[in-house]
Amino acid sequence: MNRSLFVVLIILTSLLMLFDSGCQPTNNSTPKSQPADTASQPSTPPAQPEADNQTVQMPITLPVLDAFFSDDKFAGELKQKLNLTGEQVQKLKQTAREETAKLNESDNQTGTAEAARDEATQKITAIIGPEKEKQLVDFVNSQWSGGSQAELSTTPNAIPTDTRIVVNAPAYRMDVYNNGQLLKTYVVSIGYPEFPLPTGLRLAREIIFNPVWTPPDEPWVRASTKYQAGEKVEAGSKLNPLGPIKIPIGLPSLIHGGKPLAKIGGLGSHGCVGLTSPQVNDFALLLAHISNTPLNNEQEAAYESTPSQTKKVDLKTPIPVELRYETIVVQNGKLHIYRDVYEHNTNTEDNLRNVLKVYGITLEQLSQDERDQISNALNQMARGASGSPADQSQDQSDSKNKKSKSAKVTPRVIGQKEIVIDIAELQGKGYPDPVNLSTGNENNKAIVATNKATNKKRGR
């Protein structure tokens, strides 16, 4: 096996398979139709590109650090590039491993992204000091970058003019663009706050059919009667959380199937973009199309009919995958304000003004009623997934309470996820509405029929 692929598989296995319900399998229905030939898109923002204050560096958690340590080279790189001692590196590795082993999931648990980050900062700083801790965060973020040569959007709500995949985590939305045309939109699941989906540009280079899974040696695995640590779970098994297809997009993330429908449009993975199995089958065909890679329904079915045989399909043209974290989005004349699920403090008036400025509008130009609605929405959506306000002004007792919850995975978003406001001044402006929307709840037979018709039209 190729060494780099082997390393990726190790890392992804460690990251994705820590828990019974994260990145979990279940076959559900899927997308509705293949891309339309034309898509009506609202006008592109008139302003020149400007730095997006919603672009944030991803703070790390101890489970994320644990995933990076799955790559044998990572420890050596920390010694070399951060000048850490072997003892410090070993202590970091042990601490990250112990924290990950404590984590568990259930619907009656609550946690916060801020608590997980705070605990990581405190424990890492205690081992290597505050200066090295910041260097470590910078280094992990650099490792999260994907090596894509495509240009990263710097304007809020930017509409691509090239071929790429765009994922906006707080909106649970994944868009497929081909030469600037929006072909299809998928509702997806995203990483838990303790395993956040990173931001930045990645590259999709291959589609892997029939991925297998080896359960890690974790307490939850040892307590389970479903499987045992180290025992390979074959592709196609109901116990395999990756579903029929995975698409690596740079460690420690994947786009993959196997998600239960209940997880679509919410939290449900360990740093990945999750789809139902029918959705990922549909997405793989579309990804192959925009990358000029031969693939059709019959080939997919043939690959999946022999689940014991893993099949890798290299994309003829690697496709950029842009991972965004935008909680304030102008979409076809409406202002969408999403929950700050990763608690990055993005639902602020400053960020709102930056977004409006792209469309040549100031907050003062809006009516008093519109401003009141926006102010209320920003306040309501400035909350993490568990419902706690996502701000830094917490008293000591609250900080202690959050620390006690930091060893729990946040399984779902509590409360409203989005507020939409009609803004007269924004009519006809903004990011496009979803096209050929796949919510994961469509009839799969209709999808197959549509895909066959689309492939026939393309001459495949």
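Only the coordinates and a few stated rules stand behind these numbers; no lab work does. These figures come from a predicted structure and were not determined experimentally. Here the Cβ positions follow ideal geometry from the backbone for every residue, glycine too, while neighbour counts run over all protein chains shown.
Quick rundown of the values:
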| quantity | calculated |
| --- | --- |
| Of LYS91/LYS132; LYS238/LYS417; LYS79/LYS123; LYS91/LYS123; LYS246/LYS417; LYS357/LYS417, pairs whose Cα-Cα distance is over 20 Å | LYS238/LYS417; LYS246/LYS417; LYS357/LYS417 |
| Amide H partners (placed H, <5 Å) of VAL321, local residues excluded | ILE165, ARG202, LEU203, ALA204 |
| Cα→Cβ-extended label distance, 7 Å offset, between GLN94 and GLU364, nm | 6.1 nm |
| Ranked packing of 117-127, 361-371, 235-245, most packed first, by mean Cβ within 10 Å | 235-245, 117-127, 361-371 |
| Residue order, fewest to most surrounding Cβ atoms within 10 angstrom, among LYS417, LYS79 | LYS79, LYS417 |
| Order by protection proxy (mean Cβ within 10 Å, highest first), peptides 276-289, 313-326, 259-272 | 276-289, 259-272, 313-326 |
| Ordering of 165-171, 154-160 by packing [mean C-beta count within 10 Å, highest first] | 165-171, 154-160 |
| Built amide H within the under 5 Å cut-off of LYS184, gap 5+ | VAL176 |
| Cut-off under 5 Å, modelled amide H: who pairs with ARG173 long-range | ASN168, VAL188 |
| Radius 10 Å from Cβ of LEU363, net charge of other residues (Lys, Arg +1; Asp, Glu -1) | 0 |
| Karplus 3J(HN,Hα) series, Hz, for the stretch 159-175 with 6.51 cos²θ - 1.76 cosθ + 1.60 (x for Gly, Pro) | 9, x, 10, 10, 9, 6, 9, 10, 10, 9, 4, x, 8, 6, 10, 10, 10 |
| Using θ = phi - 60° and Karplus 6.51 cos²θ - 1.76 cosθ + 1.60, couplings along the stretch 298-307 (whole Hz; Gly, Pro as x) | 5, 5, 4, 4, 5, 4, 7, 6, 10, x |
